[in-house]
Amino acid sequence: GIRWDPIDTDFSFHPQWERLWFLILTSSFFLTLVWFYFWWEVHNDYNEINWFLYNRMGYWSDWSIPILVTTAAGFTYIAMLLILALCHIAVGQQMNLHWLHKIGLVTTLITTVVTMSSIAQLWDDEWEMVFISLQATAPFLHIGALAAVTALSWLVAGQFARTEKATSQMLMFSAYLAVVVALYLVPLTISSPCIMEKKALGPKPAILGHRGAPMLAPENTLMSFQKAVEQKVYGVQADVVLSYDGVPFLMHDKTLRRTTNVEEVFPERAYEHSSMFNWTDLEKLNAGEWFLQNDPFWTAGSFSRADYLEAANQSVCKLEDMLEVIKDNTSLILNFQDLPAAHPYYSTYINITLETILASGIQQQAVMWLPDTERQLVRQVAPGFQQTSGLKLDAERLREKGIVKLNLRYTKVTSEDVRDYTMANLSVNLYTVNEPWLFSILWCAGVPSVTSDSSHVLQKVPFPIWLMPPEEYHLIWITSDLISFLVIVGVFIFQKLSGGDGKEEYPEPQWRLGSIRTYNPEQIMLSAAVRRSSQDVKIMKEKLIFSEINNGVETTDELSFCSENGF
């Protein structure tokens with residue numbers, strides 16, 4: 001079997017190799033930490049990421065959880081190795097990684113780098129989530145990092161005391177001091193909209209259901225919009241397509257593959273554009289079974305028996321039927337798919353959709369019209385519609401175009417943008433906001449409304465997750481820095497007062513960790529050299545004997561102790 005020998009190759013004896021592996025280990029730790037933090041925070045967009053991968057690969061699979069579990073396992077593994085390495089250093093031992101750990105370390109590092117690079121190339125916008133999340137987590141991450149670096153002062157001070165060369169001492173101390181000072185000053189760069197006075201907090205953002213209530217029912221189905229109305233949302237968002245025979249219906253994707261059973265009913269037409277189907281064909285499709293099978297939000301398991309059966313029997317929803325459900329007290333954002341040029345209603349689908357909306361009886365002021373196509377015609381036919389833009393432009397240009405509302409992805413807007421648009425009397429709706437922490441940040445930033453998959457969750461958020469007055473934050477910042485400084489100074493003074501004479505070739509650690517006995521490197525190497533050649537063992541034995549003599553171990557009893565143990 002495998003012998004768990006901490007010394008596996010000859011180069012493990014050389015300090016330069018150990019320093020290299022420690023550098024690789026430290027780099028891997030920070031890389032996996034960043035990746036783990038990133039993937040944890042993008043939980044808000046897991047469904048969007050899975051949809052993006054679906055379009056790339058052609059089939060639906062939930063990649064978010066396997067990636068999260070793998071990332072957590074890799075980070076935990078690297079963190080444990082780093083902790084063990086620091087413990088070895090703390091008691092004066094060499095790290096001496098086993099070859100299996102070296103393979104695992106390099107594999108984890110390469111996998112993390114490749115995965116991060118792939119996300120950066122395929123979906124670079126998602127990295128903006130990291131900067132947004134720091135507005136919610138930075139004050140707490142700062143305190144955690146400060147505690148970790150302060151705890152490391154014991155190790156740094158011990159190494160500083162054992163180092164003989166003044167140059168090495170200065171380099172070590174300067175590097176550590178630079179890190180500490182940087183952490184002390186980091187709050188100067190932290191900016192969060194939730195660092196504000198409570199009296200300055202604006203009203204809670206209105207919530208619009210994204211394609212209805214897609215966590216509680218299959219998206220863009222009648223059941224989904226009924227659930228949204230039950231949640232008393234401010235409004236809903238829907239995606240409209242026109243069938244081949246001129247019936248407006250709801251569908252987000254260009255094809256019917258993801259959200260219907262078209263591959264079973266019309267397998268030869270599965271990849272056709274959804275608008276190329278007659279309504280009589282669309283009525284034959286099931287639009288709910290996919291939701292129960294794929295469970296995109298991990299919510300289907302909590303359905304009641306009645307809801308489960310209702311979801312399983314959902315069909316493609318007409319725009320007319322959806323308007324009948326929401327028309328009384330719910331606003332509506334409409335998004336449109338461009339039709340293929342061969343569609344018989346390619347040039348008149350806007351007119352047909354307008355007629356359907358106006359015939360439903362919904363108040364014009366409740367409709368937020370998003371498409372830029374035929375906007376002038378829409379103003380003439382339905383002057384009460386709120387003209388909404390999906391493009392981020394300066395306020396003056398938007399006002400010139402008659403735009404009164406913007407519908408943008410949350411990563412595209414800053415707190416300053418929200419403030420500028422509000423001053424120009426322009427309302428901003430951001431999508432897709434699912435996590436309470438993100439909702440809290442946008443609430444503090446003054447965002448008027450958000451579109452969400454989890455409207456039933458955000459409706460229950462009564463107040464931002466955290467809100468802190470500037471004076472209170474400054475007090476916490478200064479107090480934390482002061483405590484850290486006093487602890488570090490005390491540790492360095494203690495290590496200096498308890499230091500050794502520093503004359504040994506391999507000086508012992510200059511502090512004591514309880515009853516732990518410290519050993520010099522030759523002892524450790526010799527104790528692990530079970531598989532070494534007799535010549536290697538002989539050389540190490542000689543080094544050990546001379547080292548012990550130099551350290552004052554000259555008694556026959558102590559030397560005979562080595563012999564009794566096979567040394």
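The values are calculated or read from the model by the stated rules, or taken from the named source; none is laboratory data. Please read all numbers here as calculations on a predicted model, not as lab measurements. Positions of Cβ are backbone-derived with ideal geometry, glycine not excepted, and every protein chain shown enters the neighbour counts. SASA here: full protein model, heavy atoms, side chains in, ligands and nucleic acids out. Shrake-Rupley method; radii C 1.70, N 1.55, O 1.52, S 1.80 Å.
Highest average first, the peptides 40-49, 488-497 ordered by how many other beta carbon atoms sit within 10 Å of their residues are 40-49, 488-497.
Of all complete DSSP H helices in the chain, those with a Cα span along the helix axis of 30 Å or greater and a mean Kyte-Doolittle hydropathy of 1.0 or more are 64-90, 99-122, 128-151, 470-497. Were the residues from Ile24 through Tyr346 laid out at 0.36 nm apart, the gain over their Cα-Cα distance would be 110.0 nm.
Note on the chain: Cα-only Rg and Dmax are 32.4, 107 Å.
Could you tell me which trypsin sites (Lys or Arg not before Pro) in segment 90-198 are loop residues by DSSP with no more than 15 other beta carbons within 10 angstrom of their beta carbon?
In loop regions of segment 90-198 (DSSP not H, G, I, E or B), the sparsely surrounded trypsin sites (Lys or Arg not before Pro) are Lys165.
Taking the Kirkwood radius as the inverse of the mean 1/r across Cα pairs, report the Rg/Rh of segment 311-446. Taking Rg over the Kirkwood Rh, I get 1.00. Mean separation of Cα pairs under 8 Å and 6 or more residues apart, divided by the residue count, gives segment 206-459 a relative contact order of 22 percent.
Assuming R0 = 22 Å, can you tell me the calculated FRET efficiency for the pair Leu482 and Ser191, based on Cβ-Cβ distance, to the nearest 0.05? With a Förster radius of 22 Å, E is 0.45. Note on Ala359 and Val113: the extension gain reaches 83.0 nm, defined as 0.36 nm multiplied by sequence separation minus the Cα-Cα distance.
The modelled label-to-label distance between Gln121 and Arg397, using points 7 Å beyond Cα along the C-beta direction, is 3.2 nm.
Inter-part distance, segment 398-463 to segment 271-334, computed on C-alpha centroids, equals 27 Å.
Solvent-accessible area of Arg399, all protein chains in place: 110 Å² (probe radius 1.4 Å, heavy atoms, ligands and nucleic acids excluded). Legend: distances between Cα atoms for Lys232/Lys318; Lys401/Lys460; Lys198/Lys232; Lys254/Lys460; Lys327/Lys460; pairs beyond 30 Å are Lys401/Lys460; Lys254/Lys460.
Starting from the Kirkwood Rh over alpha-carbon pairs, what translational D in µm² s⁻¹ does segment 206-459 have by Stokes-Einstein at 25 °C and 0.890 mPa s?
130 µm²/s
Each peptide among 316-328, 201-213 gets the average number of other Cβ atoms lying within 10 Å of its residues, and from highest to lowest they stand as 201-213, 316-328. Ligands, DNA and RNA are left out, and with a 1.4 angstrom probe the accessible area of the chain is 50 Å² per residue. Dimensions of segment 283-382 from C-alpha coordinates, computed as largest minus smallest value along each principal axis and given longest first, are 48, 36, 22 Å. Overall, the accessible surface of the chain at a probe of 1.4 angstrom is composed of carbon and sulfur to the extent of 61 percent.
Adding -39500 (n - 2.57) for every DSSP H run of four residues or longer, then dividing by how many residues the chain holds, sets the calculated 222 nm ellipticity at -16000 deg cm²/dmol.
Short-range pairs are left out: with C-alpha atoms under 8 Å and at least six residues apart, the relative contact order of the chain is 17 percent. Between segment 198-268 and segment 173-187, what's the alpha-carbon centroid distance in Å? Centre-to-centre (Cα) distance: 50 Å.
So how far, in whole Å, is the C-alpha centre of segment 336-370 from the one of segment 46-95? That distance is 46 Å.
Distance between the 7 Å Cα→Cβ label points at Gln459 and Asp420: 3.6 nm. Between Asn329 and Glu264, the contour length at 0.36 nm per residue exceeds the Cα-Cα span by 19.6 nm.
Here the calculated FRET efficiency for Asn55 and Ala175, from their Cβ-Cβ distance with R0 = 51 Å, stands at 0.65, rounded to the nearest 0.05.
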